[in-house]
Structures are given as structure tokens and as C-alpha cells.
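Undergrad: Below is the structure I would like to discuss, written out as C-alpha cells.
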Amino acid sequence: MSTHPQLGEAYELYLLGALDGPEGSEGAAQRELLRAHLSAGCAECSSGLKRAHAVVAAIALAAPEAVPGSGVKRELLAQLAPARNSRFRFAFAAAWTLVLGLAVSSAWLWHRSAGLEEQTASLETQRNQTQVALRQAEREAAHLRAVTEIIGRTDTRALAVKSTGAAPPFGQAFVSRERGVVLIAGNLTPAGADHTYELWILPKTGAPVAAGTFQTDSSGSVVHAYTGTITADVAGVAVTLEPGKGGSAPKGPIVMVAKFANGA
Amino acid sequence: MPRVTICYSNVRMLVYAVLLCVGAFLMAAASRPGPRDGELMLQIAQGDQRAFSTIYDRHSRPVFASLLRIVRERGAAEDLLQEVFLSLWKHAARYDHEAESVLPWLLVIGRNRALDKVRSAVHRYEGQAQPIDEVFDLRDARANFESGIWHDQSVDRIRACMAQLNEKERRVLELAYFEGLSQSEISSQLGEPMGTVKTWTRNGLNKLRKALL
């Protein structure tokens, strides 16, 4: 077990800066030994140095009593205040800059947000309008597709539809038992708000079969397509002017009618 | 109807009792110890100038006396005193707030600055083996003091410890502390053999250590 070297008053002398001597002397050896121990974190030397501090500081009290001038404290306190005020002013200015910056940023963001909201509303309106137009286009495309399919079939037979009234509406019907009926008509009187035109398929036997209602455009023209398989032998087609929204059995007057000579 | 009789002698006794209580209260308040240095240093670290003023009033005299003893010029000592307390103000946050007394720290900082000032003026210590700042790290305000000793023993009590030393012992210690002289320099200055100086130094430090620790 190793023992710690007895350094005695070397701690106090070391602190006083009085541990001197040429190389190889006792003082120089103790100084180097103490430095080495302190560098190595020696607990005993560290503790010895702490005690030595208290002893060395006590020597200071051997000085004759003296009182500093009253102006010393006043000047000292005056030196503290500017530093503190300067720091305070800096902190105050920094805080205000921060608050101002936040306010400007908030105003800009609010303004930008309002602009974006307007743009969003405008785009929403455009989207709705586009969707309506698209649905309309889709309906018209489906309508035209149905018309084309019916008219373009080889089994489709054309039927001239004649007027039954004084005004001479005219038209052409295309009947396909597998696909349906297309009616192209003109010079029809607008049905009005409380009436509607209704197309009927007239079987050779039995009651007429409803084939859809329609309204004409402002010039009295219409292209109406009824899609569906027709099971019965078709004797012809007719158009009636029905009250209200029409129904499954004709009630109104026949406006146009056409019959095959020998059925479809 | 009951009759109330006022006895003037009783009133006088009551007044005396009240005065006695007030006097006791004032004496207790006056004798009550102020806040510890560690608490004051904590307040100073937060920018409390009143706490700084209290610390100054408490310790400026012994620190100034020590500085004046080293630099021997009142104006320079007062400048150094301001530097020392400004250092305390700046580094208060780094101080060990559990420590009882800040006086040893102030004394050591003051000694180092004063000796540096003297040395830079006369260039006497160039090439000295052990600069003072090497042993007192001023940047670390957590001074390695057994400062509890300083709290338990008043400045007067510590001065009384110094008074136990004989003239020669006190002389060599003062030359080391206030002049920053090495033992060989003390030997030369006093015209005494090195061994004698070492003996006086050892005896003086031993007496101080026994009295203080």
C-alpha cells in the first residue's frame, strides 16, 4: 500500500508562490511533486490545497485597517447601472423588434390568406360550372350515341311521322326492336309548362307502350331517343301531348302518328 | 350598573411592558444576522444591485486594506477594489452559492491583481517559476476555500489568530503574501539563512493552521 508524501506547509507556500528554489532543491522538488499530484486529480492534495487557501487568505487580514473613499462605491454602482441598462435596452429593443416583426408577418399572412380564400371560392365556382357542363355534355353524348346506334343499325326501319293537327309538324322515326326508337321531328308547338310530349310505341296488339317524354327546343324541333328492347311486334309510333309529366297510358291528343305497312 | 375603576399604577405597568416588548423586538432585529453571502451572490447573479451593495459594505474594508498594503498607493488600491468587485458582479453566477463567505475569494482575487500590477510596474518577477494566476484560477469563481471556517470565525477572530504569531513569523508570511516574495527572496531581503526563513515560515503557517482549522 503506497503512502502519500508529507507535504506539510508546501500547500500554503505553493499558493503563495513562495515554493521556489533551483532545480534539484527541496522546494523545486515539492513544487513539481505537488503539480504532478494535482494534475493526476489527487484527492489528498486537493483537500490540502483547500485548507491552505483558508490559511493563506487569513494572512491578508494582517494588513492595517483601511477604509476606501465613499466615492468608490458610488462610482462602482454607476458602472453597474449602464451595463444593466444597456442590456435591458437591448433586450427591450429586441423584444419590440420581435413583436413588430410578428405583427407585420401576421398582417401579411392574413392578407394572403384572404386572397387565397377568394381564389379558392372562385375556383370552386368554376369547378361546379365545369361539372354541370360536363354532365350536360355527357347527357348529350349519351343521347347522340343512342341516336346513332339506333339509326345506324341494319334492322332499323324508318317511318315518316305525320301530323294529326292543322299545324303540320313533320318527322322521321327510326325503330329497332333490339335497341329502341329515335324520333326526329320539327315544327312542333312548344308543349308549355303544364304539358309534355310523349312518344308511344304502338304494338300490333295491346295497349301503347310509353317510350319517354320530351320537350322541343324554341324552334319546335326535337331529337328524342328511347333505348330498350321492344318485345312486341311494332305497328307504329305516335306522339301525344300529355298533361303534366305524362304517364304510362296516353290521355292527351295524338299530335303525330306513323304506322308500318306490315309491322316492324 | 357595575362600576369601573381605573388604576393608574396598572396602566403604568402596562406601558412599561409594551415598551419592554418593543425594545426586545428592536434588539432582536438588530442582532439578527443578515443573509448569507451565498444567498446574496445568488441575488447578484440575477442583477440585484442592492445585494451587491450589501456585499460591498460587508467586505470592502478588509479587501481594500489588503490591496493598499500591497500597492501602497490609495488611488491604485481603490481602482483595484473596483475591479475586484466588478469581477464579483460579472462572475456571480459562477460562484458556489452554498459557500458561506465570499471574503476569501475577494481577498485572493485582489491579491493576484495587486501583485500583477506591482510586478508589471517594476518588472521584478520576470522569469519567476510560478506565476500567481497558475495557483489561483480566477476564471473559476468556485474558489476552493474551506470558507465555512471564515463564516464561523469573524474577521476579528481571524486577526486574533494572526496576532498569535511572533514578529519574525508574521514578517516572513507578510512578505510572501503582500510582496509576493519567494523564500529565497525573503532570505535575501532579511539577510537570514534560507533554513531560518523556512523554519519561521513553517512555524507561522502551523500556528495559523491550528488556530483556524
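The values are calculated or read from the model by the stated rules, or taken from the named source; none is laboratory data. As the structure is a prediction and not an experimental result, all values here were calculated from the model. Neighbour counts run over all protein chains shown; Cβ positions are idealised from the backbone, glycine included. In case anyone asks, the SASA skips ligands and DNA or RNA and just uses the protein heavy atoms, side chains included. Shrake-Rupley method; radii C 1.70, N 1.55, O 1.52, S 1.80 Å.
Undergrad: Can you divide the C-alpha Rg of region A:94-147 by 2.2 N^0.38 Å and report the result to two decimal places?
TA: 2.29
Undergrad: Then there is this: Compute the semi-axes of the equivalent ellipsoid of region A:10-62, taking the square root of 5 times each eigenvalue of the Cα gyration tensor, and list them largest first in whole Å.
TA: Its equivalent ellipsoid spans semi-axes of 20, 16, 6 Å.
Undergrad: For peptide B:202-210, how many partner chain Cβ atoms fall within 10 Å of a residue's Cβ, on average?
TA: 5
Undergrad: Count charges around residue B:205 for me, please; just the other residues with Cβ under 10 Å from its Cβ, Lys/Arg as +1, Asp/Glu as -1.
TA: Overall, the nearby charge balance is +1.
Undergrad: Just counting partner chain Cβ atoms within 10 Å, what average do the residues of peptide B:76-86 show around their Cβ?
TA: Mean partner shielding for this stretch: 3.
Undergrad: With a 1.4 Å probe and all protein chains left in place, how much accessible area per residue does chain A have, in Å²?
TA: 58
Undergrad: Continuing with the same structure: Which one, A:55, A:137, A:154, is farthest towards the positive end of the dipole of chain A when Lys and Arg carry +1 and Asp and Glu -1 on their Cβ?
TA: The residue sitting farthest along the positive end of the dipole is A:154.
Undergrad: Which whole-number percent is the relative contact order of region A:131-229 (Cα, under 8 Å, 6+ apart)?
TA: Normalised by residue count, the contact order of region A:131-229 is 24 percent.
Undergrad: How much mean residue ellipticity at 222 nm does chain A get from its helices, if each DSSP H run of length 4 or more adds -39500 (n - 2.57) and you divide by all residues, to the nearest 500 deg cm²/dmol?
TA: -16500 deg cm²/dmol, from helical runs alone.
Undergrad: Another one. Net charge around residue A:196, counting only other residues with Cβ within less than 13 Å of its Cβ (Lys, Arg = +1; Asp, Glu = -1)?
TA: Cβ neighbours under 13 Å give a net charge of -1.
Undergrad: Straight-line reach from residue B:117: which lysines have Cα under 20 Å away, leaving out those fewer than 8 places along the same chain?
TA: Straight-distance partners of residue B:117: none at all.
Undergrad: If contacts are Cα pairs under 8 angstrom and at least 6 residues apart, what is the relative contact order of chain A in percent?
TA: 12 percent.
Undergrad: Here is a follow-up. Could you work out, residue by residue across B:105-112, how many beta carbons of other chains sit within 10 Å of that residue's beta carbon, and then give the average as an integer?
TA: Mean partner shielding for this stretch: 3.
Undergrad: Next question. Could you pull out the longest piece of chain A with no exposed loop trypsin sites (Lys or Arg not before Pro) in it, calling a site exposed if DSSP puts it outside H, G, I, E, B and it has at most 16 other Cβ atoms within 10 Å?
TA: A:1-152
Undergrad: To make sure I understand the rule: partners must be lysines, Cα under 26 Å from the Cα of residue B:168, and not fewer than 8 residues away in the same chain. Which ones qualify?
TA: A:50, B:198, B:207, B:210
Undergrad: Take the Cα atoms of chain A, find their three principal axes, and give me the spread along each one in whole Å, biggest first.
TA: That gives 146, 60, 29 Å along the principal axes, largest extent first.
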